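Okay, so here's the structure we're looking at.
The values are calculated or read from the model by the stated rules, or taken from the named source; none is laboratory data. For clarity, every value in this text was computed on a predicted model and none was experimentally measured. Cβ sites come from the backbone with ideal geometry, for glycine too, and all protein chains shown count toward neighbours.
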Amino acid sequence: MNYSSTIGLEIHAELKTTTKMFCNSKNDPDETRSNVNTCPVCLGHPGTLPVINKEAFKHVLKVGLALGGKLADFTEFDRKNYFYPDIPKGYQISQYKYPLVSDGELNGVKITRVHLEEDTGTSLHEEGDYSLVDFNRAGVPLMELVTEPVIHSAKEAADFARELQLLLRYLEVSDANMEKGEMRVEANISITPNTQHPTPNNLGTKVEVKNLNSFKAVEQAIGYEIKRQVGILERGEKVIQETRGWDDDKDETFSQRQKEESHDYRYFPEPDIPKLKLSELPEFNVATLKKELPELPWIKRERYLRDFSIKSNDIEIFVQDRKLAGFFEATANILGEKKLIQLAANYIINDGVDEKVPPAAFAELIMMINKGKLSSRGAKDILAVMFQKGGLPAEIARTLGLLQKNDEKTLVKIVQQAIDDNPKVVVEYKSGKTAALEFLVGQGMKMSKGSANPAALRKLFVKQL
């Protein structure tokens, strides 16, 4: 029997702010000392009161605008109650009924909601029968994004997570480094026999796989879980609704606990934080926030294709690396012509050219190549010098004798010498073997020490023969 898989994602991202979500303790993901960025508020001492971090609030609103979501006018925070050693208060301040953002779309995937909450501490499980807790992370601003259950493959899920990470970095709201735990993915997976076409009311039993900390883990864990659930149904058994973890070493999911429902957390409005009406707060004005948005990744892709007509793989490299994209665009603005811009893109991608070379000097090099003043080999040699010592390409070319020879008188002598030295190859060429011509051109390039224009050489060989 064939099955359809349905996947929804919940993604947490730590936000880039100077201080934590509800106190003035430092938000520093690179801190190596335990429990130094703490205070009575984030440690949950009795009598302390939380105060909202405006910058974190603004970050989530910008994400919502970028996603084309609906920003809430009225919002409030809620207490999510559960007991765990890394939750110092015995509850987490989150948002339940009134999230900051609802709806929206990214990478063709519909978004349910985006809300703001505080992160938990970090449990460190030492050898032996005890664990330690580091509260440096407790209270760090945390964005949670929930997708609709509209993803149908492990690859689609991983691609969505990659695009979200890219967006967060473009907006500069989060570094979203998965290896540091700054972005964590949870996947809700269910399968349905193809005889029962999946609908919102018939998606099979949902299993959540938590804390996936790499895109590879996202793809592998979802793929494994789909196969596991298919195996259960094929044996005539029932899939249990539960929360599972991912074992990177064994490449398999493992059971952690039965899945909680929202009522298990006994949500109620946070009494220590005022309810908010965004239209009454000028710092969250939508028009102002929109002006602060950068060019978004998908808009940049469209512009590069439209304005420069470069290869899609090259576009993706520039979209992923904004510094490199800045260097490319500075060069493109000098060159102007699409033909020259495409040549520049090829050299940037294939030869690792970056901002260490001034755009004006690199543009001059591209124009010299286009005019036939330099061979490809000569251009690479000049680039190496520009990387190491700097300098202008024309001066370097003259110093190293790399300017391509185009004058016919000089090249005819080289062509004749190559013909005289290779009579057997000449016979092969005349008998119809076109590869013989390329050999002769190669010999001519050797004799000129790479300074001859290969196109001019080829033309002269054909003429002479």
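Filtered by the rule that a residue be surrounded by 17 or more Cβ atoms within 10 Å (Cβ to Cβ), over 19 Å from Phe160 (Cβ atoms) and at pLDDT below 95, region 192-229 gives Thr192, Gly204, Thr205. Taking the conditions (1) among the polar types (S, T, N, Q); (2) farther than 30 Å from Ile232 by Cβ; (3) surrounded by fewer than 22 Cβ atoms within 10 Å (Cβ to Cβ) in turn, Ser153 satisfies each one other than (2).
Only residues that are touching a residue at least 12 places away in the same chain (Cβ under 8 Å) and either farther than 25 Å from Gln92 by Cβ or assigned to a loop (DSSP other than H, G, I, E, B) (or both) were counted in region 272-289, giving 7. Residues that are farther than 26 Å from Leu49 by Cβ number at least 3 in the following strands (runs of 3 or more DSSP E) confined to region 69-156: 109-118, 122-125, 141-147. In region 202-225, the residues that are closer than 13 Å to Gly181 by Cα and touching a residue at least 24 places away in the same chain (Cβ under 8 Å) reach residues that are small (Gly, Ala, Ser) and surrounded by fewer than 18 Cβ atoms within 10 Å (Cβ to Cβ) with C-beta atoms within less than 8 angstrom, at least six apart or across chains, in these pairs: Lys210/Gly245; Asn211/Gly245; Asn213/Gly181.
Identify, please: which residue in region 36-57 is more than 31 Å from the chain's Cα centre (by Cα) and loosely packed, with under 15 Cβ neighbours inside 10 Å and is, among those, nearest to Ala176 (Cα to Cα)? Explain how you work it out, then say what you get.
Taking region 36-57 and keeping what is more than 31 Å from the chain's Cα centre (by Cα), we get 36, 38-51.
With loosely packed, with under 15 Cβ neighbours inside 10 Å added as a condition, the list becomes 36, 40, 45-47, 49, 51.
Values: Val36: 23, Pro40: 27, His45: 30, Pro46: 33, Gly47: 33, Leu49: 29, Val51: 24 Å.
If we take residues in region 36-57 being more than 31 Å from the chain's Cα centre (by Cα) and loosely packed, with under 15 Cβ neighbours inside 10 Å, then Val36 is nearest to Ala176 (Cα to Cα).
Scanning region 101-128 for residues that are in contact with a helix residue (DSSP H, G or I) (Cβ under 9 Å, 6 or more places away or on another chain), closer than 17 Å to Arg184 by Cβ and not hydrophobic (A, V, I, L, M, F, W, C) gives a single hit, His115.
Within region 298-319, residues that are in the same structural domain as Ala330 (by TED's automatic domain parsing) reach partners that are in a helix (DSSP H, G or I) and among the basic types (Lys, Arg) with beta carbons closer than 6 Å, at six or more positions or on different chains, in the pairs Ser309/Lys338; Ile315/Arg301; Val319/Lys300; Val319/Arg301. Of all residue pairs spaced 6 or more apart or on separate chains, those with beta-carbon atoms under 6 Å, a first member in region 84-95 that is touching a residue at least 12 places away in the same chain (Cβ under 8 Å) and a second member that is part of a loop (DSSP other than H, G, I, E, B) and among the polar types (S, T, N, Q) are Asp86/Thr120; Ile87/Thr120. Mind checking whether some residue in region 360-367 is at pLDDT below 90 and more than 13 Å from Asn453 (Cβ to Cβ)? No: region 360-367 contains no residue that is at pLDDT below 90 and more than 13 Å from Asn453 (Cβ to Cβ). Considering region 111-168, and only residues there that are closer than 29 Å to Leu296 by Cα and of a type in the set (S, T, N, Q), the residue that is farthest from the chain's Cα centre (by Cα) turns out to be Thr112.
Checked against the criterion of being touching a helix residue (DSSP H, G or I) at 6+ places or on another chain (Cβ under 6 Å), in the same structural domain as Ile349 (by TED's automatic domain parsing) and of a type in the set (Gly, Ala, Ser), the candidates Ala418, Ala379, Ala384 yield just one match: Ala379.
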